Amino acid sequence: MIIEGCMTSHTVTPVSPLVLDHPLIKHKLTHLRRAETSTAGFRRLVRELSLLMCYEATRDLPLEPVEIQTPLEPMQGEQLAGPDVCFISILRAGNGLLDGMLDLVPFAPVGHIGLYRDPETLEAVEYYLKLPSQVSSRRCIVVDPMLATGHSAAAAITRLKEKGARKLLFTCLLSTPQGIACLQQAHPDVQIMTCAIDRGLDEHSYIVPGLGDAGDRLFGTR
Ligand code: URA
C-alpha cells in the first residue's frame, strides 16, 4: 500500500516541537553520537534515553484516586486511569526505543508499522502493520529515533489516523528542521518530542551531524 507523505498541506497552526532540555539527555546523546560507541554502549544509551523521553511523554496521563492501606494507615493514592496509552514503533529502529519505554509503562500494548521507500517512485510503501485494539481511544506514543526527511514519519501517522488513531505524540532522539516541517505540514495536530534538532541532511538523507544509521548501530548490522 502506498501512503501519502508530507505533501498534504493544512492551514492549522502546528503544535510547536518540544525539545527535551535536560543535562542527562544532552550527556547521553553526546556519547550516543560518538562513532566509537560500541553496539552494546549504543543500546544501553538508547534505553536510558528512552526512559527519560518516556518520563516526559507520559507527563500528562490521566490519574484516578484509589484507596490503599499503607503499613500505618489507609490513604487515598493516585493511579493511572485505565489502559489509555500505547506505543507504536516505526520499524525497525523504533524498536530500540521501546525497551526503556516499556520499563516505565510495562502494561502498554505495542503496535508496529513497517514502511519502505519505493526506489522508483520514492513513495512510502507499507509492508507491515499490527496495532493494539481500541487505538482510537488511546494515547499513541509513536517512536522512531530519527526524524530525518519526515516522509516515513508522516506516512506512518497518516496510516495510523486511517486506522482511527487520534491522540498522537511523535517521539525521536534526533530531528532536522526539514523533518519537523514535513511532519508538521502533514499533521499539524501531532506533537513532536525530540532530544535535539540537528543542522540538516546530507546528500543521502542522513542527519548531520547525527549519529549514523540508528538501526545499524542498534542491531550491529551494516
Ligand atoms: N535514519 C537513520 O538511522 N539515520 C539518519 O541519519 C537518518 C535516518
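Where a number appears in this text, it was derived from the coordinates with a stated rule and is not lab data. Since the structure is predicted, the reported quantities are computational estimates derived from the model, not experimental observations. Here the Cβ positions follow ideal geometry from the backbone for every residue, glycine too, while neighbour counts run over all protein chains shown.
Springs join every pair of Cα atoms under 10 Å in this Gaussian network model of the chain, and among 189, 99, 202 the largest mean-square fluctuation is at 202. Shown here for region 79-124: chymotrypsin sites (Phe, Trp or Tyr not before Pro) in loop regions (DSSP other than H, G, I, E, B) with at most 11 other Cβ atoms within 10 Å, namely 107. Counting only residues at least eight positions apart within a chain, or on another chain, the aspartates and glutamates with an alpha carbon under 13 Å from that of residue 28 are 48. Treating r as the C-beta distance of residue 31 and residue 59 and R0 as 30 Å, the FRET efficiency rounds to 0.75. Extension gain, residue 117 to residue 11: 0.36 nm times the residue separation minus the Cα-Cα distance gives 35.4 nm.
Please report the relative contact order for region 21-171, taking Cα pairs under 8 Å with a sequence separation of at least 6, and give it as a percent rounded to a whole number. Relative contact order for region 21-171 comes out at 21 percent. Summarising the amide proton neighbourhood of residue 85: residues at separation of 5 or more, or on other chains, whose placed amide H is nearer than 5 Å comprise 139. Which one of 204, 22, 151 has the biggest mean-square fluctuation once the chain is modelled by GNM with Cα springs under 10 Å? Judging by the Gaussian network model, the answer is 204. In sequence order, region 157-167 has phi-based couplings of 6, 4, 5, 5, 5, 4, 8, x, 5, 10, 9 Hz under the Karplus curve 6.51 cos²θ - 1.76 cosθ + 1.60, θ = phi - 60°, and Gly or Pro positions carry x. Does a label point 7 Å from the Cα of residue 75, set along Cα-to-beta-carbon, have any residues of region 51-69 with amide nitrogen under 11 Å, and which are they? Residues passing the 11 Å test: 68-69.
For region 121-162, the residues whose backbone nitrogen is under 16 Å from a point 7 Å from the Cα of residue 19, taken along Cα to Cβ, are 147-148. Excluding same-chain neighbours fewer than eight residues apart, the lysines reachable from residue 130 by a Cα-Cα span under 26 Å are 161, 163, 167.
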